[in-house]
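Encoded as structure tokens, the structure appears first; notes follow it.
The values are calculated or read from the model by the stated rules, or taken from the named source; none is laboratory data. Please read these numbers as outputs of a predicted model, since none were measured by experiment. In this analysis, Cβ positions are derived from the backbone assuming ideal geometry, glycine residues included, and neighbour counts consider all displayed protein chains. Remember, those area values only see protein heavy atoms, side chains included, never the ligands or the DNA or RNA. Shrake-Rupley method; radii C 1.70, N 1.55, O 1.52, S 1.80 Å.
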Amino acid sequence: MEKFVPVVVIKELSETDKILTALKNNGINCAEITFRTACAAQAIAYACEKYPDMSVGAGTVINAEQCNAALEAGAQFIVSPGLSVAVSKICKEKNIPYYPGCVTPTEIMQALDLGITTVKFFPANVYGGLKALKALSAPFPQVKFIPTGGVDRSNIDEFLAFDKIAAIGGSFFVKESLEKMEEENK
């Protein structure tokens, strides 16, 4: 898994090249394209075809129907804001990594029962941030986390220094990459 997982919202398919090129130019070879827009599956298919060296996944996947559509489009991993047993089963059958949102001990235990040891911690800032992750790591030493929401340049190094962090997720990677690209093109 890449260390940085940009949360990418593509409202129109035409935005895909600009965003993915900006990420690549910024040294980021991963994109979690969210299922919040009508063109999400189309954007994932396009990204997988045009950017084969990038790890392209689907985010905000909340049910089996979206999961199947994302996988048919070529998604290489699935991320959810919460834990879906149905999505977990599909991903397990197809041998696709699934990173469900889990912030309580009960949710983490349910993920472990499903064979999942890396979970999204979202929204990290609302659920106690790094302090909460350190507390949760004590009873769950086998679990790695992908904090998303409230992680930015002001605190990213603190999160990365913690050995239970599998990756950092966030939309700020997209914003930074686009700003950097615009700056370079001036």
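With 25 Å as the limit on Cα-Cα distance, the pairs of 11/120; 134/180; 24/134; 3/175; 3/120; 24/92 that go past it are 134/180; 24/134; 24/92.
Residue 18 label point, 7 Å along Cα→Cβ, cut-off 18 Å on backbone N: hits in the stretch 156-183? Hits in the stretch 156-183 for residue 18 at 18 Å: 171-183. Estimated at 0.36 nm per residue, the fully extended path between residue 185 and residue 25 surpasses their Cα-Cα distance by 56.4 nm. Its residues counted as N, the stretch 107-185 yields a C-alpha radius of gyration over 2.2 N^0.38 Å of 1.24.
Counting only Cα atoms, I'd like the Rg/Rh figure for the stretch 46-170, Kirkwood definition for Rh. Mind dumping the intermediate values first?
Details: Rg = 14.5 Å, Rh = 14.8 Å.
Dividing the radius of gyration by the Kirkwood radius yields 0.98.
Using Cα positions and a limit of under 14 Å, work out the aspartates and glutamates in reach of residue 94, with same-chain residues fewer than 8 apart set aside. List returned: 72. Taking the 1.4 Å solvent-accessible surface of the stretch 24-93 as the whole, the part contributed by carbon and sulfur is 48%. Cα-based values for the stretch 41-94, radius of gyration first and Dmax second, are 10.7, 32 Å.
Residues of the stretch 1-139: accessible area per residue at 1.4 Å, in Å²? So the stretch 1-139 comes to 47 Å² accessible per residue, rounded to a whole number.
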